[in-house]
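Worksheet: the structure to be examined is printed underneath.
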Amino acid sequence: YYWISDGDKDTVLVLQNFYSAFYPTLDTSTRGTVAIYDQNGGLLIEKSFKLAHSGAVKLRVSALLEDLPSASEATFGTLEVKLAIPREVITTIQESRSFYFWDRFYIGYTNKLGQTCFVHGVDKTNIYREGRADPVDWYKKPKDHQWAPETPVDIADYHKYDVILINRTSETAATTLTLLDVEDRSLSWQVEIPPKGVRRFELDQHKTASLN
């Protein structure tokens, strides 16, 4: 998921032990990790945490970045959360042919005033298999396909409008952002997003002044 920590905005993770809801009578205490990557998909730091049965932890990206061994200029990037399957849960499901857990948690973005906007994470990147360290990509190797979602926006309603694009595949993705006005005039920007990387387009009325 996208993270930002630039002195003005920060990213908050509130992580719950969802295994406890499925197995309330088992000991579902477990451990987890948060891996923080820069905008090019390079690992900055990985931190572990404990999660009690029916417990939760609250983590701020700014606090996690304070433990970097050296100073970093990264102010945004991507992050990945992993929760280990509790031992008693593994024992319970080991006779099953296959079992898949998918945690769609909430990630929050907050400002200096403490106003937080929570976003429901619904996308996936990696599949981790018990007993194997390396993940499997959720997304298959990209083919010659294009994805072109459209979003209506009135730039006059915003001081600044950010468009965040994450590449969740394992290959570099050529990406174009195009703005069209009601008279079909356009502006466009082209970038390449590295694997597991992210790019941010910052738009405002000045940059889009040539459009209606």
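Limited to the stretch 22-49, what total is found for residues that are farther than 14 Å from Val61 by Cβ, more than 13 Å from the chain's Cα centre (by Cα) and either buried (at least 17 other Cβ atoms within 10 Å of the Cβ) or aromatic (Phe, Trp, Tyr) (or both)?
Final tally of qualifying residues: 6.
Can you tell me which residue among Glu66, Glu88 is under 15 Å from Glu130 (Cα atoms) and acidic (Asp, Glu)?
Answer to the check: Glu88.
Which of the residues spanning the stretch 7-28 are in a loop (DSSP other than H, G, I, E, B) and in contact with a strand residue (DSSP E or B) (Cβ under 7 Å, 6 or more places away or on another chain)?
Across the stretch 7-28, the qualifying residues are Asp8, Asn17.
With the stretch 84-166 as the region, which strands (runs of 3 or more DSSP E) entirely inside it contain at least 3 residues that are in contact (Cβ under 8 Å) with a residue 40 or more places away in the chain and either open to solvent by 90 Å² or more (accessible area, probe 1.4 Å) or hydrophobic (A, V, I, L, M, F, W, C) (or both)?
161-166
For the subset of the stretch 195-208 comprising residues that are open to solvent by less than 30 Å² (accessible area, probe 1.4 Å) and under 15 Å from the mean Cα position of the chain (by Cα), which member is modelled with the highest pLDDT?
By that ranking, first place goes to Val198.
Quickly run through the stretch 55-83 and pick out the residues that are surrounded by 14 or more Cβ atoms within 10 Å (Cβ to Cβ) and assigned to a helix (DSSP H, G or I).
Val61, Ser62, Leu64, Leu65
Looking at the stretch 40-59, I want the residues that are among the basic types (Lys, Arg) and have a partner that is part of a loop (DSSP other than H, G, I, E, B) and open to solvent by 40 Å² or more (accessible area, probe 1.4 Å) with Cβ atoms under 9 Å, at least 6 apart or on another chain. Which pairs are those?
Partner pairs satisfying both residue conditions: Lys47/Asp67; Lys50/Ser29.
The values are calculated or read from the model by the stated rules, or taken from the named source; none is laboratory data. Fair warning: this is a prediction, and the values are worked out from it, not measured in the lab. So basically every Cβ, Gly included, is an ideal-geometry build from the backbone, and we count neighbours across all protein chains shown. SASA here: full protein model, heavy atoms, side chains in, ligands and nucleic acids out. Shrake-Rupley method; radii C 1.70, N 1.55, O 1.52, S 1.80 Å.
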